[in-house]
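Chemist: Let me give you the structure first, and then I'll get to my questions.
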Amino acid sequence: MKLGKVIAATGVRMRTTAVAVFALALAIAAALAIVVVLLEESLDRSVTESARGTGRQVAIQLVREGARDLSASDVASTGDTEAVTQVLNAQGRPIASDPAIVGHPPLTSARPTIGHETVETLPLGLNGDGDDYRVVSQEVNGPGGPFTVISARSLEPVTEASTRLTLLLGLIAVPLLAIAGLAVYRAVGSALRPVERMRRTVAEISTRDLEARVPLPPGGDEVHRLAVTLNEMLGRLASAQAAQRRFVADASHELRSPLSTISTALDVSGRHPESTEELVPVIARETARLRELVDDLLMLARTDDATDRPSRTEVDLDDIVRAEAERVRGECALDVEVRAGPAKVYGSEAQLRRAVRNLVDNARGHARDRIRVASSVHGDLAVVEVSDDGPGVGEADRDRIFERFVRLDASRQRGHGGTGLGLPIVAGIAARHGGRARYAAAEEPGAPGARFVIELPVIAVPEEEED
């Protein structure tokens with residue numbers, strides 16, 4: 001637990017270096033183990049072949065001459081206990097032994113059949129230290145035979161060689177690991193240097209000034225892409241900050257106007273009580289406008305809030321279209337055309353109704369004689385269209401009209417009590433439902449009026465003809 005906290009507290013540079021050194025140490029340890037094992041196997045085979053060869057020479061002499069002329073010098077190997085030879089008669093008693101083990105009992109109890117051999121690893125204890133020996137026993141037949149030839153060689157040189165090799169490679173690995181660790185540490189530091197410069201630049205950027213950008217390192221690697229992404233994020237933040245400032249300024253201006261009117265009316269009413277009755281309609285109108293503006297601002301805040309999760313159900317857009325058409329018919333003398341084709345989406349019915357109502361109210365405010373409201377399905381999109389025969393929107397303003405507090409002229413919305421937030425609310429609601437709101441060209445080229453479209457992902461297309 002404590003080790004994990006220490007590792008987590010260290011920097012990326014140290015953690016990367018530690019991981020690299022650890023991985024290299026594991027690789028070296030694996031290579032060392034493989035080399036030592038291969039060396040031990042090679043030396044082990046060499047010791048076995050040496051013991052077999054020594055015993056075979058004695059066996060050849062026994063086959064030719066028997067044990068009558070066999071002397072100690074004929075079975076002497078190295079003159080010490082590292083390699084010894086012993087010959088047993090048919091009764092298993094030593095009849096010739098290496099000078100180093102004269103008088104020693106039989107080295108092994110193994111008695112192979114004639115023409116065969118037995119290979120064993122036994123602790124003979126010839127030096128009193130219990131070292132292992134490779135013991136090769138061969139059964140031969142000769143004059144006065146049969147005989148058992150036992151040739152033994154100590155495995156201590158194999159152990160010493162593997163131990164020395166292990167120590168040597170271990171000593172070599174220490175400076176290799178140190179060099180590798182230093183190289184990785186410097187390489188990671190060099191790779192992270194641009195990241196540190198970016199961090200310092202971002203730390204110096206204040207919320208009041210988002211115009212600074214992080215330096216772009218050369219190349220197209222991950223660090224370069226990180227810098228590009230940070231600059232794009234800073235650009236979005238700067239754009240959002242500018243939009244927020246514009247929004248606050250516009251909202252303050254819009255709120256100040258009705259408040260000033262109400263304040264002035266109250267002041268006049270206080271000084272001239274006889275005019276109160278005339279000022280009540282003014283105050284009521286400005287209060288209604290203020291309430292509408294506050295409601296629109298709250299709706300925009302909800303559409304901007306990614307954490308807001310209104311309840312969502314299946315919503316029939318055609319029902320909303322019919323209801324809004326009937327509402328506007330009862331409120332004005334315009335000709336209202338309805339084409340409510342089946343269109344079902346998944347979302348907040350209240351918000352979708354608000355979006356359609358805003359478009360219908362916008363069309364009513366600009367229409368001369370006619371409004372057309374329709375719903376339909378095109379492919380995988382549910383579409384709501386609201387059009388009017390009014391002055392329309394110029395091509396240069398068709399995207400800008402969805403920005404907040406945008407009025408194309410002094411009379412377009414303010415004269416009808418609009419706040420300049422109706423279409424931005426429509427766009428925000430459509431975006432929250434995975435769709436979009438846009439200004440569309442007239443169905444007939446050159447036809448007057450404006451045509452607004454909401455496109456949303458459809459979830460069901462009932463097989464019914466349009467009303």
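Chemist: Could you tell me the relative contact order of the range 135-181? Use alpha-carbon pairs under 8 Å, at least six residues apart, and round to a whole percent.
Modeler: Over the range 135-181, the number comes to 24 percent.
Chemist: Additional query: Suppose R0 equals 51 Å. What FRET efficiency, 1/(1 + (r/R0)^6) with r the Cβ-Cβ distance, do Leu171 and Arg93 give to the nearest 0.05?
Modeler: 0.50
Chemist: State, to one decimal in nm, how far the label point of Ala27 lies from the label point of Leu216, with both points 7 Å from Cα in the Cβ direction.
Modeler: Output for this residue pair reads 3.5 nm.
Chemist: Using a Förster distance of 60 angstrom, determine the FRET efficiency expected from the C-beta separation of Leu237 and Glu160, and round it to 0.05.
Modeler: For R0 = 60 Å, the calculated efficiency reads 0.30.
Chemist: For the pair Arg438 and His272, how long in nm is the line joining their label points, each one 7 Å along Cα→Cβ?
Modeler: It is 5.5 nm.
Chemist: Treat every Asp and Glu Cβ in the range 88-152 as -1 and every Lys and Arg Cβ as +1, leave all other atoms uncharged, and give the resulting dipole magnitude about the Cα centre to the nearest 20 debye.
Modeler: 280
Chemist: While we're here: On the protein heavy atoms, probe 1.4 angstrom, tell me the percent of accessible surface of the range 252-304 carried by carbon and sulfur.
Modeler: Reported share for carbon and sulfur atoms: 58 percent.
Chemist: Let me ask you something else. By average Cβ neighbour count within 10 Å, what is the ranking of 179-189, 92-102 from highest down?
Modeler: Packing proxy ranking, top to bottom: 92-102, 179-189.
Chemist: Name the residue farthest towards the positive end of the dipole of the range 123-181 from the options Gly145, Leu177, Val158, assuming +1 on Cβ of Lys and Arg, -1 on Cβ of Asp and Glu, about the Cα centre.
Modeler: Positive-most Cα among the choices belongs to Leu177.
Chemist: What FRET efficiency would be calculated for the residue pair Arg291, Arg13, taking the C-beta separation as r and a Förster radius of 45 Å, to the nearest 0.05?
Modeler: FRET efficiency, Arg291 to Arg13: 0.15.
The values are calculated or read from the model by the stated rules, or taken from the named source; none is laboratory data. For clarity, every value in this text was computed on a predicted model and none was experimentally measured. With ideal geometry, Cβ positions are generated from the backbone for all residues, glycine too; neighbour counts draw on all protein chains shown. When the accessible area is computed, the model is the full protein with side chains, heavy atoms only, and any ligands, DNA or RNA have been set aside. Shrake-Rupley method; radii C 1.70, N 1.55, O 1.52, S 1.80 Å.
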